[in-house]
Amino acid sequence: MQFKSYPLSYNRSLRQSGRDDNYVDYVPVAKRRAMVALTIPKCVGKSKPKLTKPSLLATVSSLRKKQPLNIKQKEQIILQEKEIIEHLPDRKTLMSVWELAKGIVYTEPLLTGWKPPLRFRRMPKKACDAIRKQWHILVDGDYLPPPNKNFKDMRFPGPILQKLKSKGIVQPTPIQVQGLPVVLSGRDMIGIASTGSGKTLVFVLPLVMTALQEEVMMPIASGEGPFGLIICPSRDLARQTYEVVEQFLEPMREAGYPKLRTLLCIGGVDMKSQLDVVKEGVHIVVATPGRLKDMLAKKKMKLDACRYLTLDEADRLVDMGFEDDIREIFDHFKTQRQTLLFSATMPVKIQNFARSALVKPVTVNVGRAGAANLDVIQEVEYVKQEAKMVYLLECLQKTAPPVLVFCENKADVGDIQEYLLLKGVDAVAVHGGMDQEEREYAITAFKSGKKDVLVATDVISKGLDFPDVQHVINYDMPAEIENYVHRIGRTGRRGKTGIATTFINKSQSETTLLDLKLLLEEAKQRVPPVLSELKDPTEDVEASGAKGCVYCGGLGHRIGDCPKLENQRSMQIASLRSYYSGSSGYLGEI
Ligand code: AMP
C-alpha cells in the first residue's frame with residue numbers, strides 16, 4: 001500500500017479547509033504489517049514461490065533423466081555388464097588342492113541319522129510350500145527337508161530346549177524354521193537372512209548335535225579333533241559365536257551328557273593356551289582364518305576328523321581377501337564334510353563361487369539378499385561436515401542408551417569418543433588399530449550395559465549381537481551399501497524395533513546416495529527431499545536386465561559403477577604391493 005506525502009504548506013491549508021478528495025487515511029505501521037502478513041499464506045498456497053538454485057546432484061540426475069536410453073544402448077550396457085562379470089578377478093573353485101589333484105568329487109550329501117517326526121516326513125509338498133510362503137522363506141534345491149515350526153519337534157536334547165526357553169527363544173525364526181531341518185539332516189546349505197534373524201543357532205545347534213553324536217560313538221582322545229569348525233571374518237564375531245556354543249554345552253555337561261570341549265582359535269591371544277585345549281582333545285573350533293591357518297601349517301591341529309564346516313559371513317571372508325587362506329584350510333580336510341555358508345548379503349557371483357564347495361546345496365533365503373532389516377526405522381538427515389559433532393550430541397537424545405555410533409575411519413572414532421567423554425557421555429570405542437584386550441574391554445563394557453555409547457568402525461558392524469541397541473547412528477554413510485545394511489542391523493533385533501539415523505552430505509557419491517534412496521524405498525521408509533530429487537539412471541536398463549548391481553546387491557547402480565568392485569580392485573593392487581610383507585587379506589583392519 002502506498003501512502004501520499006504532502007508538502008507542509010499544503011497540509012496546513014488542508015487542515016484549515018478540512019477537505020481533500022485524494023486523501024487516504026493514515027494506517028499505523030503495526031496494522032500495515034498485519035495486512036501484508038495476511039497476503040502471505042495466499043502466496044504460499046496458490047502460486048509456487050520461486051525456488052532456490054537446485055543442487056548439483058539434482059541437476060545431474062535430471063539431465064540424465066532427459067536422455068532416455070534407446071534399445072541399442074540398453075543392449076550395449078547389458079553386454080558390457082556380462083563382460084565385466086566374466087572378467088571379474090578369477091574366483092577359483094573352493095576345493096582343496098588335494099581333492100582337485102586326486103579328482104575327488106563328492107556327489108551325495110553327508111546325511112546324518114537325524115530325521116524329523118513321522119508326521120513331518122509325511123507332510124505333502126503343498127503343505128510345506130504353504131508354511132514357507134507364510135514365513136516368507138524362499139528355498140531352492142533338490143529333496144528339500146520339510147520346514148518345522150517347533151524346536152521340540154527338531155528333537156534337541158532336554159538341556160538345549162531348556163536353555164533356549166531360558167533365553168526367551170520359544171519359537172523358531174523363519175531362517176530357523178527351514179534352516180535347522182536342512183542342517184540337521186546333513187545337507188549343505190547357503191543361508192541368506194538379515195542380521196539379527198537368528199542364523200547363528202542354525203549352524204551352532206546342529207554342530208553341537210554332531211559333536212555329541214561323534215563323542216558318543218567314539219570318545220575323543222588327547223590331541224584329536226575337532227569334529228566341527230566355524231570360521232568367522234573377525235575376532236570379535238568368533239568370540240561371540242564361541243560364547244553361544246559354550247552357552248549350550250554348559251547345561252548339557254551339568255545334565256550328565258559327555259563333556260564337549262570348544263576352542264576359540266583367534267589371533268591377538270597367546271597361542272599356548274589354545275594349544276593346551278587342543279592337547280586335551282577338542283570337539284568344536286571357532287576360528288578366524290589367520291590363526292587357524294597358522295596352527296594347521298605348524299601341524300598343531302588336524303582336520304582329519306572334521307566333517308562339519310561353517311563359513312559365517314561368507315561373503316565378507318571372500319571380500320576381505322581370505323579366499324586363499326580358506327582354500328589352504330580346505331586342504332587339511334581328509335574326508336567329505338557338511339559345508340554351510342551364511343550371510344546377510346550374498347552377491348550372485350559369490351553364490352556361484354560358493355556352490356563349487358557344496359554338494360547338492362539347499363539355498364534358504366529369507367528376504368532379498370542385501371535388503372535392510374524391516375524392524376529398523378531408518379532416518380536420513382543432511383548434516384554439514386562441520387556440524388556433525390554437535391548434531392551427534394543432539395541425536396543421542398532421540399532414544400535411551402545403548403547407542404552405537406559408526407564411522408568410516410579410525411581417527412574419527414577417537415575424536416568422537418573424546419568429544420562425547422568431554423560432554424559427559426559414557427562412551428567407549430573400538431577400531432582395528434586397537435589391541436585385542438582394549439577391544440574386548442570396550443565390547444564387554446558396552447554389552448553388559450556399563451557404557452552407554454560405543455563408537456566404532458565397520459570392524460564390529462558384521463554379525464555382532466549387542467543386546468537391545470536402541471539406536472544406531474551412522475556418523476557417515478559408508479560407500480558400500482552392504483556396510484550400511486550390516487550397521488543398521490545391530491538394532492531392531494529379536495523382533496524389537498530400533499532406530500537408525502544416518503548423516504549424509506555432499507561428501508557422499510551420487511551412487512551411494514542412490515543405493516540408499518532405493519533401499520529406503522524398498523523398506524517403505526521416508527525418503528528425505530535431498531534424496532528424492534535423485535533419479536534412478538538404471539531404471540531404463542532394468543526393463544531388460546536384473547535390478548540393480550549383481551555384484552554388491554546395491555539397487556541404485558549397475559555393476560559398471562559398483563563402488564565395492566572399484567574398492568576391491570584398488571585393494572588388490574595394494575595387496576600386490578605388500579605381497580612380500582606376508583600379510584594375509586587385502587584389508588588392514590579398519
Ligand atoms: P543372530 O542373527 O544369530 O546374530 O541372532 C540375533 C539374536 O536373536 C541373538 O541374541 C539370539 O539369541 C536371538 N535369537 C535367535 N533365535 C531366536 C528366536 N527363535 N527367538 C528369539 N530370539 C532369537
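The values are calculated or read from the model by the stated rules, or taken from the named source; none is laboratory data. Nothing here was measured: the structure is a model prediction, and the numbers come from that model. Every residue, glycine among them, receives a Cβ derived from its backbone with ideal geometry; neighbour counts consider all protein chains shown.
Here residue 192 meets each of (1) within 15 Å of the ligand (Cβ to nearest atom); (2) at pLDDT below 95; (3) surrounded by fewer than 18 Cβ atoms within 10 Å (Cβ to Cβ) with one exception, condition (3). Out of all the residues in region 380-439, which are of a type in the set (Lys, Arg), more than 25 Å from residue 239 (Cβ to Cβ) and part of a helix (DSSP H, G or I)? Within region 380-439, 388, 398 meet the criteria.
Of the conditions (1) over 13 Å from residue 312 (Cα atoms); (2) away from the ligand (no atom under 14 Å from the Cβ), residue 288 satisfies every one except a single condition; which number is it? Result: residue 288 fails condition (1) only.
If you go through region 128-157 and keep only what is of a type in the set (D, E, K, R) and in contact with a Lys or Arg (Cβ under 7 Å, 6 or more places away or on another chain), you end up with just 142. Look at region 167-189 and say how many of its residues are within 6 Å of the ligand (Cβ to nearest atom) and in contact with a Gly (Cβ under 6 Å, 6 or more places away or on another chain). The qualifying residues number 2. Just checking, which of 446, 466 is touching a residue at least 12 places away in the same chain (Cβ under 8 Å), within 16 Å of the ligand (Cβ to nearest atom) and outside any loop (DSSP other than H, G, I, E, B)? Going through 446, 466 in turn, the sole match is 446. Taking residues in region 235-258 that are farther than 15 Å from residue 207 by Cα and within 13 Å of the ligand (Cβ to nearest atom), and partners anywhere that are part of a helix (DSSP H, G or I) and not polar (S, T, N, Q), the pairs with Cβ atoms closer than 7 Å and at least 6 places apart or on different chains are 236/439; 236/443; 236/460. Being away from the ligand (no atom under 15 Å from the Cβ) and of a type outside the set (D, E, K, R): is that true of residue 159 here? Criteria met by residue 159. When region 469-504 is filtered for residues that are away from the ligand (no atom under 11 Å from the Cβ), touching a strand residue (DSSP E or B) at 6+ places or on another chain (Cβ under 9 Å) and of a type in the set (D, E, K, R), the ones remaining, listed by number, are 476, 487. In region 306-353, the residue that is surrounded by the most Cβ atoms within 10 Å (Cβ to Cβ) out of those that are modelled with pLDDT of 90 or more and more than 17 Å from residue 106 (Cα to Cα) is 341. Residues considered: 388, 447, 410. Of these, the only one that is surrounded by 14 or more Cβ atoms within 10 Å (Cβ to Cβ), among the basic types (Lys, Arg) and within 18 Å of residue 498 (Cβ to Cβ) is 447. Only one entry in 139, 216, 177, 202 is in contact with a strand residue (DSSP E or B) (Cβ under 8 Å, 6 or more places away or on another chain) and surrounded by fewer than 21 Cβ atoms within 10 Å (Cβ to Cβ), namely 139.
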